[in-house]
Amino acid sequence: MVSRRSLLAGGALALAGLRGAAAQAVPNSAGTRPPRLQAPRLACDSHHHIYDARFPASPHWRGGRPDGATVADYRLLMAKLGIRRHVVVQPSTYGSDNRCLLDALGQFGQEARGIVVIEDEVELASLREMDQLGVRGVRVNFLSAQSWGETTVDRLQRTAARIAPLGWHAQILMSGEQIARHEAVLAALPVPVVIDHLGRIPQPAGLDHPGARALLRLLAAGNTWIKLSEPYADTLQGAPDYADTSLLARAYLEAAPHRALWGSDWPHPTEKIKPDDAVLFDLLASWAPDAALRERILVDNPAALFGFA
């Protein structure tokens with residue numbers, strides 16, 4: 001049976017498709033007003049999560065699970081922002097049990113792609129089945145607790161080798177210090193590399209940090225992509241301008257405009273006080289004042305990386 005929330009969300013999304021973003025209350029998102037920035041017609045949110053109480057958290061996870069983060073809830077955010085495409089990223093909450101994510105892809109259909117977490121022992125046939133459902137990459141997280149324990153460079157290299165035949169990419173969450181330390185490893189991976197959340201560069205060092213300098217070199221080399229997401233994670237100057245972390249976003253865009261992606265990181269699982277997603281979306285106007293560049297970030301780049309038709 002379709003829930004009332006699903007019907008409302010679907011209706012709101014249909015209206016959003018007709019007239020752009022709409023005022024909308026969204027769980028795990030502050031404020032109700034739509035962004036001032038109008039999203040292009042096929043704009044993509046390249047990083048968000050889905051949580052659903054039907055699927056149990058991994059036994060390794062002790063951090064709980066946010067409420068109000070189902071497929072129906074995310075559709076409300078799509079209506080608020082005017083988003084038409086999006087990428088569901090496996091959270092550490094579920095470990096390598098991707099059932100919640102794959103279920104979400106089934107509900108979303110062709111508008112969505114997925115990034116999973118895998119065990120070393122996963123069979124290529126299983127990966128091919130995920131590919132048919134819209135999975136396009138594997139997340140390798142060096143910062144959060146994982147079901148196998150500590151993530152190592154060896155594991156990253158094994159994962160990259162496993163997914164290379166599929167044409168997938170490795171989406172990597174590292175600290176700025178880890179990026180600097182493992183720059184050579186990242187440069188040598190046999191798959192495209194996508195770095196999460198502005199590289200998690202600490203402030204106030206910012207662009208002077210060794211991790212930022214390493215990331216700019218990786219972007220210049222041509223095999224690395226950057227997610228312009230979570231400007232709140234390392235900021236010292238805060239909303240609404242996030243002036244310190246915004247300097248990173250602008251530098252990355254100058255280095256690699258064809259390999260930059262925007263992501264909401266909704267439902268903002270690291271944040272007790274949820275940010276306003278309209279404010280986060282509006283940051284693009286200051287990061288990329290040119291409309292053609294914003295079109296590239298929101299439409300062309302994700303279409304190329306995630307295989308949207």
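For the chain, report the accessible area per residue in Å² (1.4 Å probe, heavy atoms, rounded to an integer). Walk me through the numbers on the way to the answer.
Working: 12750 Å² over 309 residues.
Here the per-residue accessible area is 41 Å².
Using a 10 angstrom cutoff on alpha carbons, build the Gaussian network for the chain and name the most mobile of Arg54, Arg217, Arg128.
Arg54
How much FRET efficiency would the formula 1/(1 + (r/R0)^6) give for His60 and Arg128, where r is the Cβ-Cβ distance and R0 is 35 Å, rounded to 0.05?
Values: r = 27 Å, r/R0 = 0.77.
Efficiency for this residue pair is about 0.85.
For Thr152 paired with Glu177, estimate the spin-label separation in nm (one decimal), with each label point 7 Å from Cα along the Cα-to-Cβ line.
Each label point lies 7 Å from its Cα, and together they span 2.0 nm.
Using only Cα atoms, locate the centre of the stretch 126-187 and the centre of the stretch 44-71, then give the distance between them in Å, rounded to an integer.
Centre-to-centre distance over Cα atoms comes out at 20 Å.
For the stretch 16-83, what percent of Cα pairs sit more than 15 Å apart?
Values: 1290 of 2278 pairs.
It works out to 57 percent of all Cα pairs.
For the chain, what is the convex hull (Cα atoms) projected area averaged across all directions, in square nanometres?
It is 14.5 nm².
Could you work out Rg/(2.2 N^0.38 Å) for the stretch 232-309, with Rg from alpha carbons only? Spell out each step's value before the answer.
On the way: Rg = 13.0 Å, N = 78, 2.2 N^0.38 = 11.5 Å.
For the stretch 232-309, the normalised Cα radius of gyration is 1.13.
Taking the Cα centre of the chain as origin, sum charge times position over the Cβ atoms of Lys and Arg (+1) and Asp and Glu (-1), and report the length of that vector in debye to the nearest 20.
Taking the Cα centre of the chain as origin, the dipole is about 660 debye.
Mind jotting down the three principal axis lengths of the stretch 192-237 based on Cα atoms? Whole angstrom, largest first.
That works out to 31, 20, 9 Å along the principal axes.
Counting other Cβ atoms within 10 Å of each Cβ, which GluC sites (Glu not before Pro) in the stretch 41-138 have at most 14 and sit in a DSSP loop?
Within the stretch 41-138, the qualifying GluC sites (Glu not before Pro) (loop, at most 14 other Cβ atoms within 10 Å) are Glu119, Glu121, Glu123.
What residue among Lys272, Lys227, Lys80 has the largest mean-square fluctuation in a Gaussian network model of the chain, using Cα springs under 10 Å?
Lys272
For Ile172, which sequence-distant residues (separation of 5 or more, or a different chain) have an amide H within less than 5 Å of its own amide H, given hydrogens modelled in the peptide plane?
Placed amide hydrogens put Val140, Val194, Ile195, Asp196 under 5 Å from Ile172.
Sequence-distant or interchain residues sharing an amide H contact under 5 Å with Arg113, placed H: which?
His86, Val87, Val88
When the Karplus curve 6.51 cos²θ - 1.76 cosθ + 1.60 is applied with θ = phi - 60°, which whole-Hz ³J(HN,Hα) does each residue of the stretch 216-233 get, with x for Gly and Pro?
5, 5, 4, 4, 5, 6, x, 10, 10, 10, 10, 9, 7, 8, 6, x, 7, 5
Residues with amide H under 5 Å of Gly95's amide H, sequence separation 5 or more or different chain, H placed in the peptide plane at 1.01 Å from N; which?
Ser58
Could you tell me the calculated FRET efficiency between Leu293 and Gln107, based on Cβ-Cβ distance and R0 = 35 angstrom, to the nearest 0.05? Don't skip to the answer; put the middle values down first.
On the way: r = 32 Å, r/R0 = 0.92.
Computed FRET efficiency for Leu293 and Gln107 comes out at 0.60.
Enumerate the lysines that Lys227 could reach by cross-link, defined here as Cα to Cα under 20 Å, with residues fewer than 8 away along the same chain left out.
Once the sequence-local lysines are set aside, what remains near Lys227 is Lys274.
How large, in percent, is the carbon and sulfur part of the accessible surface of the stretch 143-265 at a probe radius of 1.4 Å?
Ligands and nucleic acids excluded, carbon and sulfur reach 52 percent.
First check a/c for the stretch 63-151, with a ≥ b ≥ c the square roots of the eigenvalues of its C-alpha gyration tensor; if it is under 1.5, answer rounded, and if not, answer prolate when a/b is larger than b/c or oblate otherwise.
It is oblate, given that a/c is not under 1.5 and a/b is not larger than b/c.
When the accessible area of the stretch 69-116 is split by element with a 1.4 Å probe, what percent falls to carbon and sulfur?
C and S fraction of accessible area: 41 percent.
The values are calculated or read from the model by the stated rules, or taken from the named source; none is laboratory data. Predicted, not measured: the structure shown is a model, and the values here were computed from it. Positions of Cβ are generated from backbone atoms using ideal geometry, with glycine treated the same way; all protein chains shown enter the neighbour counts. Note: areas computed on protein heavy atoms with side chains; ligands, DNA, RNA excluded. Shrake-Rupley method; radii C 1.70, N 1.55, O 1.52, S 1.80 Å.
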